[in-house]
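Chemist: One structure, pasted below without further comment.
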Amino acid sequence: MVAVQDIELEWSEQAEIVRYCIKNRKSLCEVLIDRGLSYDDFKYYHKIQVGNDGGQYKSIENFSVHSNGIPVASFFSGCGGLDLGFEAAGFEHAVCIDNNELFCNTLRVNRPKWKVIGPPDSAGDVSDRNRLHKELKQYISSNFDGVFIGGPPCQPFSIAANQRFTKDDSNFKRVGFSHKTYGNLIFDFIWFIKKFKPKAFLIENVPGLAIDGGKKLGQALSVLSNIGYSVSGPRVLDAITYGVPQYRKRLFIIGSLRGTFIFPQPVGKKVPCYKALRLPSRAKNHITRKHTAESIKRYMMLGCGERDQLGRVDRLNPNLPSNTVIAGGTRGGGRSHLHPLIPRTLSVRECARLQTFPDSFVFGGSAARQFTQVGNAVPPVLAYHLASSLAQQAFS
């Protein structure tokens, strides 16, 4: 959060710059550059005192331990939120699978030693069971002496993704298991669990996975119980209770051949979001949006927790955890919340910090698709706590 110059821009000067750009139809970005300023020199009219309460911010880099030798096979890997958590807990990656080439390339760039099944060399399609089964046998075998992890795409079950539409709207996609593309991927995942029978598995999704009261999900999980797994969950966890500076509820199902898994207890105090937004100089993926003067005029008048209705973005409260980091639409532009202390939206890196990704982790693709990768991920620190408990309970 360091401005281009170490100056204090007066509120009257800020307001005048915005008025000048609107009146003369000037680019705010260009005017700021001409004056040796940046968006980070701006401030809100309604200031708030930043406190020192709350827990300490830690990214996944603070949790790395020595390898435990337990292999992990990752399905629907995305950019690797779950994977980084398991890596930090000591697990060793046998293989990652995803059908999105951009996500696969992000994994390859950041973890070149990991084996990735996905475009352009493979479809990485979990629903193409026979083909993927053949490919997986190159890396793992039956009675897999490790853990399967995966979060099937959640759009058909997501409340947030469809809250703008009614059920009669053509854009409404919260149709659950009846969704033609994504609705049954969890059953494909379960099919692979049955085929390879790992010692343990972890399934992650949005709470809406139990869309029908959990009936169909329960039927699927009973299949795993019948072949020897003790299944814990579905259990909804909020990331804020595990040191993540963000309200983020996710559903987890964990199965083990060694007995009933006990979910880890919450750890420490809630972490306020401002502690995560202290970026190092020259941070990667930290290009902020070039807002118009009209947008900044609206943003800078917002109080903490207030929403800009036109842009549908909220100003975060620096003394509280962030709202859930969102992915944005798969076809439209990525977007984020408003910075708690600067009237602009968060950068990809700032969102990644709220998700507890390491600063060294680089997200590829356009800015919109970088937001998609970050917003779709499981916070690595949350994944770490689950992975550590799983290592102790199912493999020790």
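Chemist: Could you tell me which of the residues S67, S59, S38 is surrounded by 20 or more Cβ atoms within 10 Å (Cβ to Cβ) and of a type in the set (S, T, N, Q)?
Modeler: From the options S67, S59, S38, the qualifying one is S59.
Chemist: Further question on the same structure: Out of K249, K270, I need the residue that is out of contact with any strand residue (DSSP E or B) (no Cβ under 6 Å at 6 or more places or on another chain) and not small (G, A, S). Which one?
Modeler: K270
Chemist: Residues to consider are A283, A327, A276, A352; find the one that is surrounded by 21 or more Cβ atoms within 10 Å (Cβ to Cβ) and not assigned by TED's automatic domain parsing to the domain that holds L32.
Modeler: A276
Chemist: Before we move on, is V381 of a type in the set (V, I, T), buried (at least 24 other Cβ atoms within 10 Å of the Cβ) and farther than 18 Å from V206 by Cβ?
Modeler: yes
Chemist: Could you tell me which numbered condition D41 fails, if it satisfies all but one of (1) within 26 Å of the chain's Cα centre (by Cα); (2) at pLDDT 95 or above?
Modeler: Answer for D41: the failing condition is (1).
Chemist: Still on this structure, I have one more. I'm trying to understand the selection: among the residues of segment 296-329, which are of a type in the set (S, T, Y) and more than 16 Å from V348 (Cα to Cα)?
Modeler: Y299
Chemist: Which of (1) in a helix (DSSP H, G or I); (2) hydroxyl-bearing (S, T, Y); (3) at pLDDT below 95 does S336 not meet, given it meets every other one?
Modeler: (1) is the only condition that S336 fails.
Chemist: A further question on this structure: Can you find a residue in segment 232-242 that is in a loop (DSSP other than H, G, I, E, B) and either more than 30 Å from I48 (Cα to Cα) or of a type outside the set (D, E) (or both)?
Modeler: Checking segment 232-242: not a single residue is in a loop (DSSP other than H, G, I, E, B) and either more than 30 Å from I48 (Cα to Cα) or of a type outside the set (D, E) (or both).
Chemist: Out of everything in segment 286-302 that is touching a Lys or Arg at 6+ places or on another chain (Cβ under 8 Å) and either of a type in the set (V, I, T) or modelled with pLDDT under 95 (or both), what residue ends up being surrounded by the fewest Cβ atoms within 10 Å (Cβ to Cβ)?
Modeler: The residue in question is R289.
Chemist: Taking R353 and the conditions (1) more than 25 Å from A89 (Cβ to Cβ); (2) not in a loop (DSSP other than H, G, I, E, B), which numbered condition does it fall short on, given that it satisfies the others?
Modeler: Unmet condition: (1).
Chemist: Of the conditions (1) in a loop (DSSP other than H, G, I, E, B); (2) buried (at least 17 other Cβ atoms within 10 Å of the Cβ); (3) among the charged types (D, E, K, R), E204 fails just one. Which one is it?
Modeler: (1)
Chemist: If you check P321, P343, P379, which single one turns out to be within 13 Å of the chain's Cα centre (by Cα) and not polar (S, T, N, Q)?
Modeler: P379
Chemist: Would you mind stating whether N110 is of a type outside the set (V, I, T) and over 22 Å from F201 (Cβ atoms)?
Modeler: Considered against the rule, which asks whether it is of a type outside the set (V, I, T) and over 22 Å from F201 (Cβ atoms), N110 comes out as yes.
Chemist: Under 8 Å by Cβ, and 6 or more places apart or on different chains, what pairs join a residue from segment 23-37 that is on the phi > 0 side of the Ramachandran plot with one that is surrounded by 14 or more Cβ atoms within 10 Å (Cβ to Cβ)?
Modeler: Listed by first residue and then by second, the contacts come to G36/V4.
Chemist: Another question, then. When residues of segment 260-288 are filtered for being in contact (Cβ under 8 Å) with a residue 60 or more places away in the chain and assigned to a loop (DSSP other than H, G, I, E, B), how many remain?
Modeler: Residues meeting the conditions: 20.
Chemist: Could you tell me which residue of segment 95-115 is surrounded by the most Cβ atoms within 10 Å (Cβ to Cβ), considering only residues that are under 14 Å from G150 (Cα atoms) and more than 16 Å from the chain's Cα centre (by Cα)?
Modeler: Among residues in segment 95-115 that are under 14 Å from G150 (Cα atoms) and more than 16 Å from the chain's Cα centre (by Cα), the one surrounded by the most Cβ atoms within 10 Å (Cβ to Cβ) is C96.
The values are calculated or read from the model by the stated rules, or taken from the named source; none is laboratory data. Predicted model only: the values in this text are computed from it and were never measured. As a convention, Cβ positions derive from the backbone with ideal geometry for all residues, glycine included, and neighbour counts pool all protein chains shown.
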